[in-house]
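All remarks here apply to the structure that follows.
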Amino acid sequence: MSRINVMQPWLGEEEVAAVAEVLRSGWVAQGPRVAEFERRFAASQQAAHAVATSSCTTALQLALVVAGVAPGDDVVVPSFSFIATANAPTYLGARPVFADVSAVTGNLTAETVREALTPRTTAVIVVDQGGVPVDLDAIRAVCDPLDIVVIEDAACGAGSTYHGRPVGAGAEIAAWSFHPRKILTTGEGGMLTTSREDWAARARTLREHAMSVSAADRHASLVSPPESYEEIGFNFRMTDLQAAVGLVQLSRLPEVVARRRELAAVYAKAVAEIDGLRAVADPAWGTSNFQSFWIEVSTSSTTGAAYGVGREGLLSALAEAGISARRGIMAAHRQPAYASSGVSLPVTEHLTDSTLILPLFHQMSDSEQARVIDVLRGERR
């Protein structure tokens, strides 16, 4: 019986050919392919500017810097997210302030953000968790009058929509991930998008050690122009090898999202017929790319019919059937690195303890999905 992975990147000969072309060109560092990837990604996400980076984490860090977040500031973040969301402000000497999330979407809400604001809050990082679009307008309605910048962590969001537009299109600044667990991958890599030209220009400089002359301009000149370093910068660059893969992946994004939504609909129908399970779904304001398809496993009759074997039992049953699943999104505030926060976030803790992520990837066959659903049905007793 073949193993079914929780996620599998869709990579093929087009990506191989694109990388080979870059290798033959002799220019493998940040260069023309990165610039083209930035232009095309900005167009696809309806963003004014895009700045490629080495990861989504570094894109978040740059976003905080250009938005003016300083040491000692407070930055509201969801705990229900990969730990990088909290790490980014910590790197700058700011304090992540954990807020709770919606029990339905797993995302921050205007109410949970408002409750977490402090007199030192200068930014809020909102997440499109698992590809489910956050209600950005409602949160900006709270933050904008207070001059608190809202940064959209769209790590999982490529291909999701918010009010009919790509997620991130309505954000002043957003960060994206191209990790292999994401549906658009460059191996490693990220992107910063912003509506502000000054923020984009500074981010481009900061990602290259804050050099006054870009690497591309230096290499294009027989005599390199003199350079200066006006502030402390970073090495957050993307390579042309990665960008070449990203360009191919970007061209496939609509097809990938369509297939994932098709598979998600099959899961949703099956889960709706099984007592004790609830599936993630599109919110009223947008559509998900279903980067992760997570389900909530009820273990208490107080919230409805309990699922027979519980989450841990279901994970074991799936593993025995050769199916790889994952426990739900982590609660960062429970991790040793942030245990001193001392916060209590009941919804986050419940979702972390009761959800799991089912396999979902573009190449998944109908028979593979049927195997997963058979286990879900078989363990409900």
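The values are calculated or read from the model by the stated rules, or taken from the named source; none is laboratory data. Nothing here was measured: the structure is a model prediction, and the numbers come from that model. Methodologically, a virtual Cβ is constructed for each residue, glycine included, from the backbone with ideal geometry; neighbour enumeration extends over all protein chains shown. Ligands, DNA and RNA are stripped out before the accessible areas are found, and what is left, the full protein with its side chains, is counted by its heavy atoms. Shrake-Rupley method; radii C 1.70, N 1.55, O 1.52, S 1.80 Å.
At-a-glance table
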{"item": "Heavy-atom accessible area order for Glu262, Glu230, largest first, 1.4 Å probe", "result": "Glu230, Glu262"}
{"item": "Cα centre as origin, Lys/Arg/Asp/Glu Cβ charges: the chain dipole, Debye", "result": "580"}
{"item": "1.4 Å probe accessible area per residue over the stretch 36-158, in Å²", "result": "31"}
{"item": "For the stretch 1-77: rounded, prolate or oblate by the Cα gyration tensor [a/c cutoff 1.5]", "result": "oblate"}
{"item": "Antiparallel bridge percentage (DSSP; both residues within the chain; nearest 5)", "result": "60"}
{"item": "Rounded to the nearest 10 Å², the accessible area of Arg326 at probe 1.4 Å", "result": "110"}
{"item": "Gain upon complete extension [Gln8, Ser214; 0.36 nm per residue less C-alpha separation]", "result": "70.6 nm"}
{"item": "Accessible area per residue, Å², the stretch 269-381 with all protein chains present, probe 1.4 Å", "result": "44"}
{"item": "Average Cα contact separation per residue, the chain, under 8 Å, 6 or more apart, as relative contact order %", "result": "22"}
{"item": "Bins of 10 Å, starting at 0 and running to the largest distance - Cα pair percent for the stretch 281-364", "result": "15, 37, 36, 12, 0"}
{"item": "Carbon plus sulfur fraction of accessible area for the stretch 268-336, probe 1.4 Å, in percent", "result": "52"}
{"item": "Whole-number D in µm²/s for the chain (Stokes-Einstein; Kirkwood sum over Cα pairs; 10 °C, 1.306 mPa s)", "result": "74"}
{"item": "Residue (of Gly168, Val266, Ala99) at the positive-pole extreme of the chain, dipole from beta-carbon charges", "result": "Val266"}
{"item": "Anisotropy class of the stretch 226-281 from Cα gyration tensor, a/c 1.5 cut", "result": "oblate"}
{"item": "Percent RCO, i.e. relative contact order, over the stretch 154-218, from Cα pairs under 8 Å lying at least 6 residues apart", "result": "23"}
{"item": "Kirkwood estimate for the stretch 315-381, i.e. one over the average of 1/r between Cα atoms, Å", "result": "14.0"}
{"item": "Apportionment of accessible area to carbon and sulfur, the stretch 147-264, percent (1.4 Å)", "result": "54"}
